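Have a look at the structure below before the remarks.
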Amino acid sequence: MTEPRVESGGDRDPETVSRFVERFAAQLVEAGMPRMPARVFAALLSSDTGTLTSAELGEQLRISPAAVSGAVRYLAQVHLVSREREPGSRRERYRVHSDQWYEALTNREAIIKRWEEALRDGVSTLGADSPAGRRLSETLEFFEFIEKDVAGLMERWRAHREAGRAG
C-alpha cells in the first residue's frame with residue numbers, strides 16, 4: 001500500500017502531518033462535524049497554501065472524488081471553505097481562508113437571529129404561560145444572550161486582529 005501524498009513544506013514528515021489531520025478531524029467530528037468534511041477541512045487547514053484540488057485531497061486522504069465533492073459542498077455551505085477556478089482550467093481548487101472561523105461564526109449569528117424569530121412566534125402561538133411556551137421562552141432568552149456575547153466577541157476579535165497586524 002502506498003503512503004498518502006501530503007503537501008508539506010520544509011522538512012515536515014508527511015506521515016506526521018497525516019496523523020495530525022486525522023487527529024484534528026476526529027476532534028471536529030466529536031464536536032459535531034460530519035467525518036468526511038472534518039477530514040477535508042483539516043487537510044486544507046494544514047496545507048501551506050490553504051488550497052488543494054479534488055485530486056490532491058483524494059490522494060492525501062485516500063477518498064473518492066464523490067467523497068471530496070460532498071465534503072466540500074458541506075464546508076462551503078457552512079462558510080469554512082470556498083471554491084476557486086484555476087485560471088484557464090476547468091479544475092477547481094478549494095481554499096480555507098485565515099478568517100474562516102470568523103466567517104462561520106458570522107453566518108451562525110444570522111442563523112441564531114432566524115431561530116429567535118421562530119421561537120418568538122412559538123411562544124406567541126403556544127402561550128407564554130404554558131409549559132411549552134415557558135421552555136421556548138427560556139430557549140429564546142438563551143439565544144438572545146449568546147447573540148449579544150457573539151457580537152461583542154466578534155468586535156473584540158476584529159480589534160485584536162487589527163492591533164496584531166499594526167504591531
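Values quoted throughout were computed directly from the atomic coordinates according to the rules given, and no laboratory measurement underlies them. As the structure is a computational prediction, the values presented were derived from the model and not from experiment. Glycine also receives a Cβ, built like all others from the backbone with ideal geometry; neighbour counts cover every protein chain displayed.
Determine, for each peptide in 126-138, 60-72, the mean count of other beta carbons within 10 angstrom over its residues, then list the peptides with the highest first.
Averaged packing, sorted descending, gives the order 60-72, 126-138.
How far apart, in nanometres, would the label points at residue 161 and residue 15 be if each is projected 7 angstrom from Cα along the Cα-to-Cβ direction?
3.8 nm
Determine the gain in length on full extension of the stretch residue 110-residue 130; use 0.36 nm per residue of separation and subtract their C-alpha separation, reporting nm with one decimal.
Length gained, residue 110 through residue 130: 4.4 nm.
Between residue 150 and residue 30, what FRET efficiency follows from the Cβ-Cβ distance if R0 is 35 Å, with the result rounded to 0.05?
0.95
Round to the nearest 0.05 the FRET efficiency obtained for residue 22 and residue 64 when R0 = 25 Å and r is the Cβ-Cβ distance.
Here the calculated transfer efficiency is 0.90.
Quick query: amide H of residue 53 versus all other amide H atoms, modeled in the peptide plane; which residues come in under 5 Å with a sequence gap of 5 or more or a different chain?
94
Just add up the charged neighbours of residue 158: K/R +1, D/E -1, any other residue whose Cβ is under 12 Å from the Cβ of residue 158.
Local charge sum for residue 158: 0.
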